[in-house]
1. Can you list the residues of region 141-167 with backbone N under 18 Å from a point 7 Å past the Cα of Ser121, pointing along Cα to Cβ?
2. Kirkwood hydrodynamic radius for region 131-203: how many Å is it when counted over pairs of different Cα atoms?
3. From the alpha carbon gyration tensor of region 44-106, can you work out the equivalent ellipsoid semi-axes (sqrt of 5 times each eigenvalue) and give them in Å, largest to smallest?
4. Measure up Lys142/Lys212; Lys119/Lys239; Lys34/Lys142; Lys212/Lys234; Lys123/Lys234; Lys123/Lys248 against 32 Å on the Cα-Cα distance and list the ones that go over.
5. For Gln144 and Val204, compute 0.36 nm times the residue count separating them, minus their Cα-Cα distance, and round to one decimal in nm.
6. Could you give log10 I(q)/I(0) at q = 0.10, 0.11, 0.13, 0.20 Å⁻¹ for region 142-256, computed by the Debye formula over C-alpha point scatterers of equal weight, without solvent?
7. Work out how much length Asn32 to Val162 would gain on full extension: take 0.36 nm times their residue separation and subtract the Cα-Cα distance, in nm to one decimal.
8. What Kirkwood hydrodynamic radius do you get for region 75-219 when you take the inverse of the mean 1/r over all pairs of distinct Cα atoms, in Å?
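The values are calculated or read from the model by the stated rules, or taken from the named source; none is laboratory data. Being a predicted model, the structure only gives us computed values, none of them experimental. In this analysis, Cβ positions are derived from the backbone assuming ideal geometry, glycine residues included, and neighbour counts consider all displayed protein chains. Ligands, DNA and RNA are excluded from the accessible area calculation, which covers all protein heavy atoms including side chains. Shrake-Rupley method; radii C 1.70, N 1.55, O 1.52, S 1.80 Å.
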Amino acid sequence: MNLFRNRKVTSFISIAITFLFPLSVAADGPWNDKAAAVVLTYDDALNVHLDTVIPLLNENNMRGTFYLTGFAKTVSDRADDWRSAAIDGHELGNHTMRHPCSGGLPGREWVREDRDLDKYSVKKYADEIAAANKVLHSIDGKDQRSFAYTCGDKEAGGESIVEVIRSSAVAARGVNRGINSLQNIQLFDLLAYSVSGQRAEELVSQVDDAIKNNGLLIFLFHGVGGEHGLNIEKSEHQKFIQSLVERKKEIWAAPLDEIADYLVTNGLVN
């Protein structure tokens with residue numbers, strides 16, 4: 001009889017533990033003990049990033065990566081605001097000085113001659129990256145940061161610029177769509193999900209896929225509520241951020257430089 005009672009007690013305790021802590025196993029994942037990692041990146045140093053995005057992220061205890069172009073007016077005019085963002089834990093990433101892109105590709109008629117990567121040399125590109133790093137250092141005092149390829153282009157004057165980035169940044173985000181698999185992380189050509197016009201539900205579905213596949217998902221935003229042709233409505237962005245907050249037990253949301261450090265420290269990349 002005592003043995004039977006002990007078995008009943010043990011069974012009851014097991015059921016109670018399962019009921020009270022149903023997420024304990026799910027939370028034990030490969031990304032800082034979470035099932036997936038999410039990075040929120042915002043390109044081109046827009047006013048809306050300072051006025052709308054950063055206050056929203058701060059309010060929800062979240063941090064993002066903001067890719068600043070050195071010659072952008074918002075960088076020179078609002079350096080103190082960007083400095084405050086860095087103090088709050090957001091990453092200020094390198095997005096070059098002039099935002100050069102390859103002018104020879106279809107649909108690139110808008111590229112100015114002095115910002116045409118096809119007419120750059122690798123040295124000129126390297127000098128521009130170095131100059132942008134100096135500008136960013138003057139704002140946040142940091143020596144290491146990630147990089148975002150302008151227009152996703154990886155050549156200057158027909159030569160690869162990837163090695164320049166390897167020596168100048170801790171990681172680099174491209175523009176090709178996809179979820180980064182933990183088994184094949186390309187730290188200097190990271191896949192991303194570009195946002196332009198989607199509703200929050202579409203972004204949430206991408207997060208679902210990242211969780212299912214234990215991947216790294218990088219979102220690429222430009223305008224939020226305006227200020228850029230590639231834009232997401234402010235209300236949709238807010239709903240999406242709230243959905244991430246509600247899933248903090250499943251996802252690790254952090255700036256890209258922090259994710260890169262985690263990957264390198266844990267030997268997950270070459």
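1. 155-165
2. 14.0 Å
3. 24, 13, 10
4. As for pairs spanning more than 32 Å Cα to Cα, those are Lys142/Lys212; Lys119/Lys239; Lys123/Lys234; Lys123/Lys248.
5. That works out to 18.6 nm of additional length.
6. After summing over all Cα pairs, the log10 values are -0.34, -0.41, -0.57, -1.18.
7. My answer for the length gained is 44.0 nm.
8. 16.7 Å
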